[in-house]
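Undergrad: Here it is, the structure in full.
No lab work stands behind these numbers, since they all come straight from the coordinates. As the structure is a computational prediction, the values presented were derived from the model and not from experiment. Every residue, glycine among them, receives a Cβ derived from its backbone with ideal geometry; neighbour counts consider all protein chains shown.
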Amino acid sequence: MTVTRSAIVGCGSYLPKRVLTNKELALTVDTDDDWIVSRTGIQKRHIAAEGECTSDLALAATREALAAAQMDADEIDLIVLATATPDQTFPSTATAVQAGLGITHGAAFDVQAVCSGFVFALAVADNFIKTGQSKCAAVIGAETFSRILDWEDRNTCVLFGDGAGAVIVKAIEGEGTSDDQGILSTHLHSDGRHQKLLYVDGGPSSTQSTGFLRMEGKEVFRHAVTNLSAVVREALEANDLSTDDLDWLIPHQANKRILDGTARKLGLSPEKVIVTVDQHANTSAASVPLALTQGVKDGRIKLGNLVLMEAMGGGFTWGACVARM
Ligand code: UT7
């Protein structure tokens, strides 16, 4: 029997042009640059232009990922798009991307796991490929969180930004080992008891409005460090690997202190952690592929490197993926 595995063969990203600095934010809400930088590491965020939707960001990132993979859109037979800020309630934002790419074959759908969405989407694509249902997937994380922020709530509005990241995941024949290019494993978790710690206070079925993001930051922080270090350990153990084997940890970019806390708990050197939260704040499902693409573009993440992606978000949801680039 032929064994198929999946591999990430191209990465792309897109950030809207408009940059909103901490100093600018401090003109409209009771905050200051010092607080934001010292408590979160965030210096600025990108904000989508009027009329610029999640699908526009996603499409730009996907086109760049296809170019990096030296592939045509025609080769894609699956689009899995992670977002908590879709263009509309339906149809899925993934179908808008599919139309934008000019393809009509294959399947396109969204997954919703908030900030963990990209890792969940990657797991879906990996399993579609392993079971032979797809040969080549575009896996996208794209968000316009600026549209669901209460811009008068300093507890939340300073923390998030808009953006998109995408990867092309392709079928490779053969079982492979942990030394070969490919996704080694994915690990997903959810615990619905904590919904009220991080949620949006609206939706089509409850309030018939979009609503605003609400968060108990301190509580989320505590759960994040615990759950993320646990899922990283789980992912390493599943592959008989240790933190020393990792070339790069690519964490969800929520707060520099969460990244430092998780790395410390794992005994991982900070030099092995890709950090982009300073540049674009928390972009939810887009943050892991944005960090991955940044690391690839600036030459830190090289072919053959072992990377571990992890994320945690509303629900709670959390997960990890180990991959050889
Ligand atoms: O993507 C996954 C989900 N999100 C996260 O992972 C985020 C997790 N949480 C966090 O990143 C942090 O908890 C925050 C950055 C949200 C907050 O940091 P903290 O150190 O936990 O601060 P805190 O909530 O304990 O607030 C400390 C103080 C409060 O004032 P009082 O009550 O002590 O007088 C807040 O009102 O800081 C105040 N504060 C602010 N001050 C200036 C909260 N937001 C701001 C602000 N500017 N923007």
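Undergrad: Pop a pseudo-label 7 angstrom from the Cα along the beta-carbon direction at both residue 201 and residue 33 and give the gap in nm to one decimal.
TA: Modelled inter-label distance: 3.2 nm.
Undergrad: So for the chain, taking the charge dipole from beta-carbon charges (+1 Lys/Arg, -1 Asp/Glu), which of 97, 118, 267 sits furthest toward the positive end?
TA: Selected residue: 267.
Undergrad: Please go through segment 1-100 and write out the trypsin sites (Lys or Arg not before Pro) that DSSP classes as loop and that have at most 15 other C-beta atoms within 10 Å.
TA: Filter output for segment 1-100: 17.
Undergrad: Based on DSSP H runs of at least 4 residues, each adding -39500 (n - 2.57), what is the mean residue ellipticity at 222 nm of the chain after dividing by all its residues, to the nearest 500 deg cm²/dmol?
TA: -9500 deg cm²/dmol
Undergrad: Which parts of segment 253-295 would a label at residue 67 reach, counting a residue when its backbone N lies under 20 Å from a point 7 Å out along Cα-to-Cβ?
TA: 289-295
Undergrad: Here is a follow-up. State to the nearest 20 debye the size of the charge dipole of the chain about its Cα centre, where the only charges are +1 on K and R beta carbons and -1 on D and E beta carbons.
TA: 380 debye
Undergrad: Taking the dipole about the Cα centre of the chain, with the C-beta of Lys and Arg at +1 and of Asp and Glu at -1, give me whichever of 49, 251, 62 is farthest to the positive side.
TA: In the chain, that residue is 251.
Undergrad: Amide H neighbours of residue 184 under 5 Å, at least 5 residues apart or on other chains, H built in the peptide plane: list them.
TA: 322, 323, 324
Undergrad: Moving on to the next point. Residue 242 to residue 88: extension gain in nm, 0.36 nm per residue of separation minus the Cα-Cα distance?
TA: Computed gain between residue 242 and residue 88 is 51.2 nm.
Undergrad: Something else: Give the peptides 204-210, 233-239 in descending order of average Cβ contacts within 10 Å, highest first.
TA: Sorting 204-210, 233-239 by mean packing, highest first, produces 233-239, 204-210.
Undergrad: Same structure, new question: Roughly what would the spin-label model give for residue 221 and residue 74, points 7 Å off Cα along C-beta, in nm?
TA: Roughly 5.3 nm, to one decimal.
Undergrad: For segment 3-174, what D do you get in µm² per second when you plug the Kirkwood radius from alpha-carbon pairs into Stokes-Einstein at 25 °C and 0.890 mPa s?
TA: Estimated diffusion coefficient is 147 µm²/s.
Undergrad: Follow-up. Output the peptides 314-323, 211-220, 284-293 sorted from most to least packed, where packing is the average of other Cβ atoms within 10 Å over each peptide's residues.
TA: 284-293, 314-323, 211-220
Undergrad: Okay, moving on. Between residue 233 and residue 303, take the C-beta separation as r, use R0 = 25 Å, and let me know the FRET efficiency to the nearest 0.05.
TA: 0.40
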